[in-house]
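Q: I am attaching a structure below and will ask some questions about it afterwards.
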Amino acid sequence: MKTVRTSGFIAGSFLLLAFTVSALILEIIPGCSRSRNGITGLSQMDLPLMPPPPVKVPSMAGSDTTWDMIDQIPMFPGGEELLGKYVAMNTKYPRAALEKGIQGQVVVKFRITSRGTVNGCEIFKSVSPELDAEALRVIKTISRFEPAIVDGKPVSAWFYMPISFKLK
């Protein structure tokens, strides 16, 4: 009996055919996830979440930096008790609010600069336009504070001052 040897050409053809079939299978499998409107599942996948950006710590370089977290809070010369007395002595109940019987607590937010001056006054909690205007007027008359301290240096910081208006 005579044995027939297969040539390298036929063996190479089978190998090429096997690679082609496996490539087609790999190409067909992702196509199975297509929806009816022809969009592949890749466009509907959620992207991986990016880490949040790092928190930017204010630098001491800019004079416009206002701190929220501080080592020592700003103080009125003489303390909180003297500040309360100052505000009470300088507050005048607005006539319009008195006639309407309006009362409540207005909270004023203002910035105390690194030099101890008051600026950037705004109403944080409002009661009525008349009472708000009076509260702002009184806060703007305060001339000096001892500034807030961060790392042993004076810095600008926000200060919240409640002012109560009560009818007797």
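The values are calculated or read from the model by the stated rules, or taken from the named source; none is laboratory data. No experiment lies behind these values; they were computed from the predicted model shown. A quick note on method: Cβ atoms are made from the backbone with ideal geometry, for glycine too, and the neighbour counts reach across all protein chains shown.
Q: Hey, does the range 72-82 have a residue that's modelled with pLDDT under 90 and polar (S, T, N, Q)?
A: yes
Q: Could you look through the range 119-151, keep only residues that are assigned to a strand (DSSP E or B) and in contact with a helix residue (DSSP H, G or I) (Cβ under 7 Å, 6 or more places away or on another chain), and pick out the one that is surrounded by the most Cβ atoms within 10 Å (Cβ to Cβ)? Can you show your working first?
A: Within the range 119-151, the subset assigned to a strand (DSSP E or B) is 119-125, 146, 148-150.
The next check asks that each one be in contact with a helix residue (DSSP H, G or I) (Cβ under 7 Å, 6 or more places away or on another chain); those that pass are 121, 123.
Numbers: C121: 18, I123: 16.
So, considering only residues that are assigned to a strand (DSSP E or B) and in contact with a helix residue (DSSP H, G or I) (Cβ under 7 Å, 6 or more places away or on another chain), the one surrounded by the most Cβ atoms within 10 Å (Cβ to Cβ) is C121.
Q: Just need a number here: residues in the range 152-168 that are crowded, with 18+ Cβ neighbours inside 10 Å and within 14 Å of A97 (Cβ to Cβ).
A: 2
Q: Does any residue of the range 121-143 turn out to be at positive phi, within 27 Å of the chain's Cα centre (by Cα) and not hydrophobic (A, V, I, L, M, F, W, C)?
A: Of the range 121-143, the ones at positive phi are none.
Checking the range 121-143: not a single residue is at positive phi, within 27 Å of the chain's Cα centre (by Cα) and not hydrophobic (A, V, I, L, M, F, W, C).
Q: How many residues does the range 82-118 hold that are assigned to a strand (DSSP E or B) and among the basic types (K, R)?
A: Just the residues of the range 82-118 that are assigned to a strand (DSSP E or B), to begin with: 104-112, 118.
Going one step further and asking which of them are among the basic types (K, R), we end up with 109, 111.
Residues meeting the conditions: 2.
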